[in-house]
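Please read the structure below before turning to the comments.
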Amino acid sequence: MASETITSSEYIKHHLQNLTCNLSEAHIHCAHSAEEAKAMGFWALNVDTLLMSFLLGSIFLYFFSRAARAASAGVPNGLVNFVEWVIEFIDGSVRGSFTARNEMVAPLALTIFMWIFLMNLMDLMPIDFVGQVVQLFNPHMFFKIVPTTDPNATFGMSIAVFILVLYYSVKMKGLGGFIGELTLQPFGKFGLPANIFLEGVNLIAKPISLALRLFGNMYAGEMIFILIALMGGAWAGATIGSATLFGSQILLSLGWGIFHILIITLQAFIFMTLTIVYLDMAHQEHH
């Protein structure tokens, strides 16, 4: 695509298409279009989402483990100072939202916050840079570097949190207590159908809201970056006032990028906080 003239619609579709490959065949085959990716069925994997998620998770583990090894009784500096600040921030969030006792919650909250933050941070990368590098090897290949713009990634994380919520709900309340909570809250035994409906919707809404909130915000943010890039391409072809138009595009990109820093941080914080709150609710017994 780097050497071809494409329309705005094709440009948008190209940047929103994952590198989807079918791993069930004898040889790995990657889709060259959205229609081909859809036809691959259930066993198709978004390879770019998996690679970027694994890479960013590895970066998080590497730097935090390095800081842990370098920590000492002296005054922290550099990486150690940053890691200690993040841990104190997470610890304060857990203490403020989680009233039970579970040593797993704080490490989980730290992992969720940093992993999602790093995945969101990729949205600040120039949208054409990685794509053009990938196309040097294969002109028909797609590659999205922001895993959280893929609903498969956000639903994967939210479902993992949901499984933990179910596990601790049953563990702390017992199977009977968990079923009783679903069937007897909030109207008692005489409102059984309404209780099941309301509590069932409330339970299922947790993973769905977690996933769609993160996906929707990051997808919209990426779309705005793409539209700004399209505006810049259109303005670059203008013969009158092109320098002014180009400067306007730079200001738009810079302004949205600065604002987007707040969005990517806030979305990671919201996902982490809701995870803590949901796990706290799973540890509470209702009488």
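The residue that is surrounded by the fewest Cβ atoms within 10 Å (Cβ to Cβ), counting only those in the stretch 152-170 that are β-branched (V, I, T) and touching a residue at least 24 places away in the same chain (Cβ under 8 Å), is I159. Within the stretch 123-145, residues that are closer than 18 Å to I224 by Cβ reach no partner that is of a type in the set (F, W, Y) and at pLDDT below 70 with beta carbons closer than 8 Å at six or more positions or on different chains.
Listed conditions (1) within 30 Å of G255 (Cα to Cα); (2) surrounded by 13 or more Cβ atoms within 10 Å (Cβ to Cβ) are all met by E36, apart from (1). Applying the condition of being of a type in the set (A, V, I, L, M, F, W, C) and exposed (fewer than 15 other Cβ atoms within 10 Å of the Cβ) to the stretch 171-181 and asking which residue is farthest from G191 (Cα to Cα) yields L175. Against the list (1) among the polar types (S, T, N, Q); (2) closer than 30 Å to H14 by Cβ; (3) touching a Ser or Thr at 6+ places or on another chain (Cβ under 8 Å), the condition S97 fails is (2). Just a yes or no: is a residue in the stretch 125-147 in contact with an Asp or Glu (Cβ under 7 Å, 6 or more places away or on another chain) and either assigned to a helix (DSSP H, G or I) or over 20 Å from S58 (Cα atoms) (or both)? No, because not a single residue in the stretch 125-147 is in contact with an Asp or Glu (Cβ under 7 Å, 6 or more places away or on another chain) and either assigned to a helix (DSSP H, G or I) or over 20 Å from S58 (Cα atoms) (or both). Checked against (1) modelled with pLDDT under 90; (2) farther than 30 Å from P126 by Cα; (3) surrounded by 12 or more Cβ atoms within 10 Å (Cβ to Cβ); (4) among the hydrophobic types (A, V, I, L, M, F, W, C), F190 passes all but condition (3).
Being surrounded by 16 or more Cβ atoms within 10 Å (Cβ to Cβ), modelled with pLDDT under 85 and either more than 22 Å from S93 (Cβ to Cβ) or of a type in the set (S, T, N, Q) (or both) holds for only one residue in Q249, Q267, and it is Q249.
Among the residues of the stretch 67-116, those that are of a type in the set (S, T, Y) and under 26 Å from S158 (Cβ atoms) comprise S93, S97, T99, T111. In this structure, does A68 turn out to be within 27 Å of E285 (Cα to Cα), part of a helix (DSSP H, G or I) and touching a residue at least 12 places away in the same chain (Cβ under 8 Å)? No, not satisfied. Evaluate the stretch 72-84: report whether one residue or more is in contact with a Lys or Arg (Cβ under 9 Å, 6 or more places away or on another chain), in a helix (DSSP H, G or I), closer than 22 Å to M114 by Cβ and of a type in the set (D, E). Looking for residues that are in contact with a Lys or Arg (Cβ under 9 Å, 6 or more places away or on another chain), in a helix (DSSP H, G or I), closer than 22 Å to M114 by Cβ and of a type in the set (D, E), one finds none in the stretch 72-84, hence no.
The values are calculated or read from the model by the stated rules, or taken from the named source; none is laboratory data. Just so you know, these numbers come straight off a predicted model, no measurement behind them. Every residue, glycine as well, gets a Cβ built from its backbone with ideal geometry; the counts of neighbours run over all protein chains shown.
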